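The values are calculated or read from the model by the stated rules, or taken from the named source; none is laboratory data. Given the structure is predicted, the values throughout are model-derived calculations rather than measurements. Don't worry about glycine lacking a Cβ; one is built from the backbone with ideal geometry, like all the others, and counts go over all protein chains shown. Ligands, DNA and RNA are stripped out before the accessible areas are found, and what is left, the full protein with its side chains, is counted by its heavy atoms. Shrake-Rupley method; radii C 1.70, N 1.55, O 1.52, S 1.80 Å.
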Amino acid sequence: MRTRYGVSPWIDRTPTSRVPDFSRLRGAHTTDVVIVGGGLTGCATAYACALAGVKTIVIEADRVGRGSAGRSAGLLLPDPGPSFRDLEQAHGLRAARTAFESWRRASLEGAALLRRLHITCGLEPVTPLIVAARDDERMLRRELDARVKGGAGGTWLTRTLLGKLTAPEAPAAVRLRDAFTLDPYRACLGLSAAAASRGAVIFERSRVQKVKFTRKHVDVAVESGQVRASAVIVATGTATLEFRQLRRHFKRRESYMVLTEPMPAAVRKQIGSRGTTFNDTHRPHHRVRFTADDRILVAGATQDETPERTRPSILVQRTGQLMYELLTMFPAISGLMPEYGWEVLSGETADGLMYIGPHRNYPRHLFALGGGGDSVTGAFLAARILVRALQDAAEKEDAVWAFTRQGSH
């Protein structure tokens, strides 16, 4: 089998007939809010805005859903990324508790919304695990103790209990709850259609060239048109060149992903149930999930962004590396080939949390930036917070995600 490099399987395996074709932005438009970025965050926010009666325009530079969301691992996870202990140390117990609780709630709300809208995206509940690497059992135990103390929860699994689940051999693990697998590209397409049905206007192939603001409005210009709005929401994953002052808040990172060919029946029997997803405590960590058609997805090898000219060769190397590391977790897959190998770019913040909300240097702007490739939960969290901000109804817990949180300047 020949591996397809640089191609997301979610996008590649979606029939063309299922992909909407939105027009380019041409001419002058006015609206209440313009959203820059047609990924999962932009589309979820567009739907939430339209549902709230806010006149909305979405501008996507390429095609809807083909950025980081359509290249992600396809998971709604209950944890925001950094450990509870790290967040508690950086921002205090109350902030850590709020971050974990609001993220877990967003995972459940995101799944509920996709079901309510009848979006066909392979949404299934899954048991999330954190698996201790060989010498990390004590560290994981301390993390669980901090989570329990802070109300984030979790269950300790010994080696014997872990052996009953589909996971690599390890000294111990923590079992969590409220996670789901999904096809993130189809979820994004479904949300874009739902937003459009509520009156949102979506433009593709329209790269933003300039954003100008005054006390009364904001103007967003593309090559062949312009939108004037009361506010702009920037949902581009990381800060783009138009927002140079914000770029220092993010370290541009690359993560790599591999999707195997389907497992033969004999291998599938040895591996067991597909009902888990796990990450380990290695740095950088591995993330593993299973698909409904008996493939294994492994993500990891995260590193700083590399020059574009070297990425193809690095992608081949990282695909081989991840397949070898997957084999060490599950020796039964010997001989299984990688069908897809691809990378996803992200903007990593200093504390690992997204930035969601306004920034003092950019009046009439709201942002939803940061986050890695493991989970798309942040899209649904951001949609909820951003609509509240537009309605001047921000809640106290929203400050955890603000640029002004402790340690951010």
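When the criteria are applied in full, I233 fails the requirement of being farther than 23 Å from T41 by Cβ and touching a residue at least 24 places away in the same chain (Cβ under 8 Å).
Mind checking whether some residue in segment 81-91 is part of a loop (DSSP other than H, G, I, E, B) and either in contact with a strand residue (DSSP E or B) (Cβ under 8 Å, 6 or more places away or on another chain) or under 20 Å from A193 (Cα atoms) (or both)?
Applying the first criterion (part of a loop (DSSP other than H, G, I, E, B)) to segment 81-91 yields 81-83.
Keeping just the survivors that are either in contact with a strand residue (DSSP E or B) (Cβ under 8 Å, 6 or more places away or on another chain) or under 20 Å from A193 (Cα atoms) (or both) gives 81.
Scanning segment 81-91, I find at least one residue that is part of a loop (DSSP other than H, G, I, E, B) and either in contact with a strand residue (DSSP E or B) (Cβ under 8 Å, 6 or more places away or on another chain) or under 20 Å from A193 (Cα atoms) (or both), so the answer is yes.
If I filter segment 186-209 for residues that are surrounded by fewer than 15 Cβ atoms within 10 Å (Cβ to Cβ), charged (D, E, K, R) and at pLDDT 95 or above, do I get at least one hit? Yes; the residues of segment 186-209 include at least one that is surrounded by fewer than 15 Cβ atoms within 10 Å (Cβ to Cβ), charged (D, E, K, R) and at pLDDT 95 or above. Might you let me know whether segment 79-92 holds any residue that is under 28 Å from R13 (Cα atoms), open to solvent by 30 Å² or more (accessible area, probe 1.4 Å), more than 18 Å from the chain's Cα centre (by Cα) and free of Cβ contacts under 8 Å to residues at least 24 places away in the same chain? The answer is no, given that none of the residues of segment 79-92 is under 28 Å from R13 (Cα atoms), open to solvent by 30 Å² or more (accessible area, probe 1.4 Å), more than 18 Å from the chain's Cα centre (by Cα) and free of Cβ contacts under 8 Å to residues at least 24 places away in the same chain. Here the strands (runs of 3 or more DSSP E) wholly within segment 337-409 that include at least 2 residues being of a type in the set (A, V, I, L, M), within 30 Å of D294 (Cα to Cα) and touching a strand residue (DSSP E or B) at 6+ places or on another chain (Cβ under 8 Å) are 338-348. Of all residue pairs spaced 6 or more apart or on separate chains, those with beta-carbon atoms under 9 Å, a first member in segment 264-289 that is closer than 15 Å to L140 by Cβ and in contact (Cβ under 8 Å) with a residue 40 or more places away in the chain and a second member that is in a loop (DSSP other than H, G, I, E, B) and open to solvent by 60 Å² or more (accessible area, probe 1.4 Å) are N279/H285. Among the candidates A221, A235, A229, the residue that is surrounded by 14 or more Cβ atoms within 10 Å (Cβ to Cβ) and either under 26 Å from I130 (Cα atoms) or touching a helix residue (DSSP H, G or I) at 6+ places or on another chain (Cβ under 6 Å) (or both) is uniquely A235. Scanning segment 141-189 for residues that are more than 24 Å from the chain's Cα centre (by Cα) and among the aliphatic types (A, V, I, L, M) turns up A146, V148, L157, L161, L162, L165, A170, A172.
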